[in-house]
Amino acid sequence: EQATVAVAANFTGTMTKLISLFEQQTGHQVQASYGSTGKLYAQIRHGAPYDVFLAADAERPRLLAEHSVAVAGSQFPYAEGRLVLWSRNPDLFRDGLQYLQGEPERLAIGNPKTAPYGIAAIEVLENLGLADSLKPKLVSGDSIAQTFQFVATGNAHAGFVAQAQVRAWKGNKDSAWLVPKTLHQPLSQHAILLNRGANNAAAQAWLEFLKGAKAQAIIREDGYDTP
Amino acid sequence: MSHSERIQARFQCHFDKFGLDVDLNLPGSGITAIFGHSGCGKTTLLRCIAGLQTAKGHLSVLDELWQTASHSWPVHQRPLAYVFQETSLFPHLSVRKNLLYGYRRVPAEQRKITPEQVYDWLGLTPLLDRMPARLSGGERQRVAIGRALLTSPRLLLMDEPLSALDQQSKQDILPYLERLRDTLAIPVLYVSHSTAEVARLADHIVMMERGQVVAQGPLQETLARTDHPFRLEEDAGVILNGEIAEVDDRWTLCKVVFDGGELWLRHHDHLSSGMSVRVQVLARDVSISLHEHKDQSIQNLLPATVDHIAREVVPGISLVRLLAGGTPFLARLTSRSVHRLQLTLGGQVWMQIKSVALAD
Amino acid sequence: MSHSERIQARFQCHFDKFGLDVDLNLPGSGITAIFGHSGCGKTTLLRCIAGLQTAKGHLSVLDELWQTASHSWPVHQRPLAYVFQETSLFPHLSVRKNLLYGYRRVPAEQRKITPEQVYDWLGLTPLLDRMPARLSGGERQRVAIGRALLTSPRLLLMDEPLSALDQQSKQDILPYLERLRDTLAIPVLYVSHSTAEVARLADHIVMMERGQVVAQGPLQETLARTDHPFRLEEDAGVILNGEIAEVDDRWTLCKVVFDGGELWLRHHDHLSSGMSVRVQVLARDVSISLHEHKDQSIQNLLPATVDHIAREVVPGISLVRLLAGGTPFLARLTSRSVHRLQLTLGGQVWMQIKSVALAD
Amino acid sequence: MSPEWQAVWLTLKLAGITTLLLLIIGTPIAWWLARTQHWLRQPIAAIVALPLVLPPTVLGFYLLILMGPDGAIGQLTESLGLGLLPFTFEGLVVASVIYSLPFTVQPLQNAFLSLNENLLEAAATLRASAWDRFVSIAIPLARPGFLTAAVLSFAHTIGEFGVILMIGGSIPGETKVLSVAIFDHVEALEYTQAHWLSAGMLAFSFVVLVSLYTLNGRFQPGVVR
Amino acid sequence: MSPEWQAVWLTLKLAGITTLLLLIIGTPIAWWLARTQHWLRQPIAAIVALPLVLPPTVLGFYLLILMGPDGAIGQLTESLGLGLLPFTFEGLVVASVIYSLPFTVQPLQNAFLSLNENLLEAAATLRASAWDRFVSIAIPLARPGFLTAAVLSFAHTIGEFGVILMIGGSIPGETKVLSVAIFDHVEALEYTQAHWLSAGMLAFSFVVLVSLYTLNGRFQPGVVR
Ligand SMILES: Nc1ncnc2c1ncn2[C@@H]1O[C@H](COP(=O)(O)OP(=O)(O)OP(=O)(O)O)[C@@H](O)[C@H]1O
Ligand SMILES: Nc1ncnc2c1ncn2[C@@H]1O[C@H](COP(=O)(O)OP(=O)(O)OP(=O)(O)O)[C@@H](O)[C@H]1O
Ligand code: MOO
Ligand SMILES: [Mg+2]
Ligand SMILES: [Mg+2]
């Protein structure tokens, strides 16, 4: 059987690895659609034919269950994201904190309205007391994937992205600062079974697979913490 | 001619500074010339008849009612053909396809004329595969005429169809128009500024001024009137019916006898003894003498009676109507000559006719 | 006339099925009529001269070199005006703006004619605020002529400019064209199919056939030749120069004396005693008598000598050249009359001239 | 079929069907707009142009609402037993048609406006009915307009993205068109694939466009005089 | 200025400037394409149309690369001391111009194609130079084409979204245009604001379009015969 999964953009690279392993193991098939958590949520609320939703936060899966679009009680955390201040320029900074407190130029973040990683980035700046001074320097991408492109193409000097993306980056040396968890609310990423997938064996198998040790190992390997 | 064999047209239509208001009763066969100054409404009248211009009114053509107060046939259902003042060939179609455009849309059993005939009459064969943009002005006009003829219309509207043609082409085409008129026996409304063309072709004349009809009538009758408002001027004249009595091959002349005398004119190949012909005698070609003078080049000398004198039709010029037998003639003379010769009604004179032309 | 005061045009240009190949040497003033069958290349020639059609060749107009093997002036730098065969008024501009389009683009000091003059000549005043789409065919043509005149050109090209006009409008416009030719003293190349128009207006004639010039020459000379190839036919005739000697107001006539006699013609308001005029005498209006007959309406009777007889110029017709004093005349007679009257060279006869017209 | 080819095929199918439908729908609208004197002309012309103004995603969002179970269209299609349109190929077609309508109507309307009225009148006197005139005169003479309308509509549908993402999701073989596929590659940092697909798409479009234009030029009646 | 009004103002400014630039750039291109017989005509016409084919986000992505520090345009602008274009208003203008070029060129090209050559020739004999003919005859007669070009370009820029999102970075007052703002509201589930903004945008565009069309109709030379 086949399941369609809506996946938060930060999880794109990891998802590809997981899918191939899953399909090998179970013979089921998984189709993934990527986007910012916000956009996927809006689509699901209006009937998008997804079976499973892998969000980048806990809030939106909860809201889906509340609106009876998702199966109540099926929500669980599958990963905890780590935020990284990243630049493709290896000489830009050693210590990200210092860099931020200096005079950073254009800084890319995810759109806080749609990408949980964007919310986390804002929280970091607020906790550092830099939110107001840096605001004019911020450019935001719709999803965290787009944010990453801003930095990867050199148009933004640095940006808050997902650690998984940095690990997947095949470019040359870079500057990266793993943001301490204390500077933002945990990026607890939740999965939930949607009504449409309630009777889909592949969807259920997928969720079981995601909870499983093998999947969790891959997720950790890519730069997430696991619950 | 019964009521239903005529064309009756009553139209009213208004532009900003111009109003058309006509009530016409025209013969259902032959050529009617529509005549009048630039801007007097000739084109507008034809457009009303074709249904291209919406106008209040009434239109019946032969036995068909084309427009009433409550109903108006759409243009494409009126079996007419229209040769426009500005040729409107379809630029995306070859000459051949232009010519056949209307032909193809006429049911086969209603076709009375073949494409080959028309190509031949109008000399179109070498042009068939050209695109209209590559034609000269006169060539375009001939194609437009051919395209209209090929619909075998029941009424033909022509808006200065020959204006871009040279004398020779005109002379080549006119006989076919005449033949067509006779073959198809359809009425033709013909707008032209050429008085010579009108005098030659028309059977009936409509004279317009500022959107109104100021005179209408059969050509012969009207032309022989000295008071007529047609400003044919130099082209005033009469048309008379006669029969060829003799052909003089040596001098390429032939003699036409008519009620009132005989006239010599240039012989043409298609004429032969016994044929009926129409000849045109222009008023400007008729002079008057009190005696017969045979020692001069003018060979048509006819005794006649002065029937009417219209003095000063234009300053310095008078028109004199003469009767030879029962046949009226017009002579265009200076008023001084009229005075000098002391012409009076009923007086006997000799008409000297310098030139006589076949009318068809 | 010096070399640099003429128009020299040599062009070669080819279409699929047509080639133009002309070498013209035309006078630098007066009206040159270009004459020939539909499709013979008249429009193409004018387009080459205007620079609208690229052609190999050479063109000098008066003292200016417009085209050489290596260089060709762009159209807008050639000080000419062109009245097109199909009127091309700008549809987005009012009649007034159309008329002033060229006028505004001519430097003030080069303007030789005012808008008011042109409005007046061509009767355009009531049309000024209309849009071109709302004009009749003849109105459009008048506007196009006016627009061209207002550029005060050094050379005027006219492609059948009067074809959509009625007799009256033509008659109204022709004198102005003539006056214009004289006021601006510019050469005019005039394409026309109307032999009457040509005979009246032209000083010089170019006859074309299949893209080539088959004859060219001054009008008077050419018209008085009995063998000329111009098929003017009915419009053959002569033009003679004279002076007004007497005006007869009662009969609206005036007398013109010329080298060889005198002629009466209709008086026109703008004529007065002592004025020089050109008069046209058509061959068809001249008959011949062996004696003088005063008892007839024809009032112009002139003694003359038979100078040349061209027999059978068309079947049945001969052209006779006569001399009255030093002035040549043409008479168009049936060959039978020539025979019957036993006309011989040097013979003395009376010319009977039915009608004489002012040539300008 | 590889997912890539699937996307290409889906895209061409979508663009083809959309263009066809657009020409069918747009032609009478454009004809009416070009020839009527009705007072509704300007308002309707404006309404036709409106889809242009909305950001595609926003338009998509509203279409999603309209076509969804609570929306007017959604209820209609459900009551007709057609199910819901969003996230189906048919839904994409409907959305693309609405979105690209102005690109069809505007060029056609202009082409019809510049038609020479005399020619239509001449055709009428040659027995051509209104429909006949339209087919035999108006359409051939408006050919550059049709070409432009077709090219703009086709290309725009191929490139369309916001609307499709919104109401299509990216379901392989059903709604995952090329633009979405490229986008996915970009977002997944698979730049090589993205480059290849884009280059292919460009090359293909280039060839199609050049052929179309050349063909059109060939048949041009020709501005000779 | 409230962020909403800021977005509205920014959008109008962007669309206005873009349309102006497009008309300036597009007119000579369209004129050349309509009148040349050069063999490069079809290829160049195709290249002009290509931006249509790429999904906006993909186009935006490539523009990002091109205008970035490693891209050709980026290096050019930096060497000119202009800095990098992405995330600036100027960058949006450049991207919009590229993206909307076909919407300007196509209608203009068609309008120029349907010009009556006779009229240009007549103007030449009336002393009008090539430039003068272009200004006094071609442009006025191509007015419906200009209107369409302007409307399509303006509206398309207003609605543009993918490209802008990609290279704009939604900086309030600098690159956060209306479409991005509405999109944000939608994605943040702030439907009320989204509805209001959309409705306002539609109403405004409707009014502008109707006035434009009416004005245009007023000046139409009029198909009378
Ligand atoms: N669409 C129109 N709107 C306003 N006035 C018009 C329109 N069409 C024609 N006219 C005017 O109506 C009058 C009659 O025009 P029409 O074309 O019938 O003249 P016509 O007799 O055919 O003249 P011509 O011999 O010059 O062709 C003219 O004065 C013309 O200016
Ligand atoms: N663009 C063209 N391409 C090919 N052939 C052409 C083109 N223009 C004109 N011709 C042909 O060249 C010849 C001369 O055309 P032109 O227009 O000069 O004739 P014309 O003497 O003005 O005739 P008319 O008195 O009928 O206007 C014609 O046979 C015409 O068919
Ligand atoms: O992965 Mo997100 O939802 O773009 O932060
Ligand atoms: Mg008329
Ligand atoms: Mg010609």
> With respect to residue B:149, is the statement that it is more than 16 Å from ligand 1 (Cβ to nearest atom), surrounded by 24 or more Cβ atoms within 10 Å (Cβ to Cβ) and either without any contact (Cβ under 8 Å) to a residue 60 or more places away in the chain or not charged (D, E, K, R) (or both) true?
Replying inline: yes
Among strands (runs of 3 or more DSSP E) completely within the range A:145-227, the ones holding 1 or more residues that are of a type in the set (A, V, I, L, M), exposed (fewer than 15 other Cβ atoms within 10 Å of the Cβ) and modelled with pLDDT of 90 or more are A:175-178
Checked pairs for the range D:189-216, first farther than 30 Å from residue A:11 by Cα, second part of a loop (DSSP other than H, G, I, E, B) and modelled with pLDDT under 80, C-beta under 6 Å and 6 or more apart or across chains, list as D:205/E:53
Note to self: Kindly evaluate residue D:125 against the criterion of being crowded, with 24+ Cβ neighbours inside 10 Å and within 14 Å of chain B (Cβ to nearest Cβ).
What the structure shows: yes
Residue count, the range B:1-20, condition outside any loop (DSSP other than H, G, I, E, B), without any contact (Cβ under 8 Å) to a residue 12 or more places away in the chain and within 14 Å of chain C (Cβ to nearest Cβ), comes to 1
Here the qualifying pairs (Cβ atoms under 6 Å; residues six or more apart or on different chains; first in the range A:171-200 and at negative phi; second among the acidic types (Asp, Glu) and buried (at least 22 other Cβ atoms within 10 Å of the Cβ)) come out as A:194/A:51; A:196/A:51; A:197/A:51; A:200/A:51
- Filter result for residue E:134 (within 14 Å of chain A (Cβ to nearest Cβ) and either aromatic (Phe, Trp, Tyr) or open to solvent by less than 20 Å² (accessible area, probe 1.4 Å) (or both)): no
If you go through A:88, A:94, A:82, the only one that is open to solvent by 50 Å² or more (accessible area, probe 1.4 Å) and within 20 Å of the chain's Cα centre (by Cα) is A:88
Just one listed residue, out of D:33, D:21, D:50, D:12, is within 13 Å of residue D:108 (Cα to Cα) and either in contact (Cβ under 8 Å) with a residue 60 or more places away in the chain or surrounded by 15 or more Cβ atoms within 10 Å (Cβ to Cβ) (or both), and it is D:33
Within the range B:268-304, the residues that are in contact with an Asp or Glu (Cβ under 7 Å, 6 or more places away or on another chain) and within 13 Å of chain C (Cβ to nearest Cβ) are B:282, B:284, B:289, B:290, B:291, B:301
Checked the range E:62-87 for anything open to solvent by less than 20 Å² (accessible area, probe 1.4 Å) and within 15 Å of residue A:139 (Cα to Cα); matches are E:64, E:68, E:86, E:87
Of the residues in the range A:112-128 that are open to solvent by 10 Å² or more (accessible area, probe 1.4 Å) and within 10 Å of another protein chain (Cβ to nearest Cβ), the one that is nearest to ligand 4 (Cβ to nearest atom) is A:113
Within the range E:49-92, the residues that are among the β-branched types (Val, Ile, Thr), in a helix (DSSP H, G or I) and more than 8 Å from chain D (Cβ to nearest Cβ) are E:65, E:73, E:77
The condition of being under 20 Å from the mean Cα position of the chain (by Cα) and within 16 Å of ligand 2 (Cβ to nearest atom) holds, among B:83, B:61, only for B:83
**Message:** So for the range C:35-57 (the condition being assigned to a strand (DSSP E or B), over 23 Å from residue E:123 (Cβ atoms), within 16 Å of ligand 5 (Cβ to nearest atom) and open to solvent by less than 60 Å² (accessible area, probe 1.4 Å)), does at least one residue qualify?
**Reply:** yes
Of the candidates C:67, C:8, the one satisfying the condition of being open to solvent by less than 40 Å² (accessible area, probe 1.4 Å), touching a strand residue (DSSP E or B) at 6+ places or on another chain (Cβ under 7 Å), away from ligand 1 (no atom under 16 Å from the Cβ) and within 21 Å of residue C:154 (Cα to Cα) is C:67
* Asked: Quick one: is residue A:67 surrounded by fewer than 23 Cβ atoms within 10 Å (Cβ to Cβ) and away from chain E (no Cβ under 14 Å)?
  -> no
Here the qualifying pairs (Cβ atoms under 9 Å; residues six or more apart or on different chains; first in the range B:21-44 and closer than 19 Å to residue C:133 by Cβ and touching a residue at least 60 places away in the same chain (Cβ under 8 Å); second assigned to a strand (DSSP E or B) and among the polar types (S, T, N, Q)) come out as B:40/B:212; B:41/B:212
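Results for (1) surrounded by fewer than 21 Cβ atoms within 10 Å (Cβ to Cβ); (2) touching a Phe, Trp or Tyr at 6+ places or on another chain (Cβ under 6 Å); (3) in contact (Cβ under 8 Å) with a residue 12 or more places away in the chain, shown as yes or no for each residue.
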residue: C:247; (1), (2), (3): yes, no, yes
residue: C:315; (1), (2), (3): yes, no, no
residue: C:321; (1), (2), (3): no, no, yes
residue: C:347; (1), (2), (3): yes, no, yes
| query | Do we find a residue being away from chain E (no Cβ under 14 Å), within 19 Å of residue A:187 (Cβ to Cβ), over 15 Å from the mean Cα position of the chain (by Cα) and modelled with pLDDT under 85 anywhere in the range A:30-53? | reply | no
Flagged in the range A:92-126 as hydrophobic (A, V, I, L, M, F, W, C) and under 21 Å from residue E:87 (Cα atoms), in numbering order, are A:92, A:100, A:107, A:108, A:109, A:115, A:119, A:121, A:122, A:125
Of (1) among the acidic types (Asp, Glu); (2) within 13 Å of another protein chain (Cβ to nearest Cβ); (3) open to solvent by 20 Å² or more (accessible area, probe 1.4 Å), residue C:307 fails just (2)
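The values are calculated or read from the model by the stated rules, or taken from the named source; none is laboratory data. Because the structure is a prediction, the values reported are computed rather than measured. Cβ coordinates were reconstructed from backbone atoms using ideal geometry, including for glycine residues, and neighbour counts include every protein chain displayed. Calculation scope for accessible area: heavy atoms of the full protein, side chains included, ligands and nucleic acids excluded. Shrake-Rupley method; radii C 1.70, N 1.55, O 1.52, S 1.80 Å.
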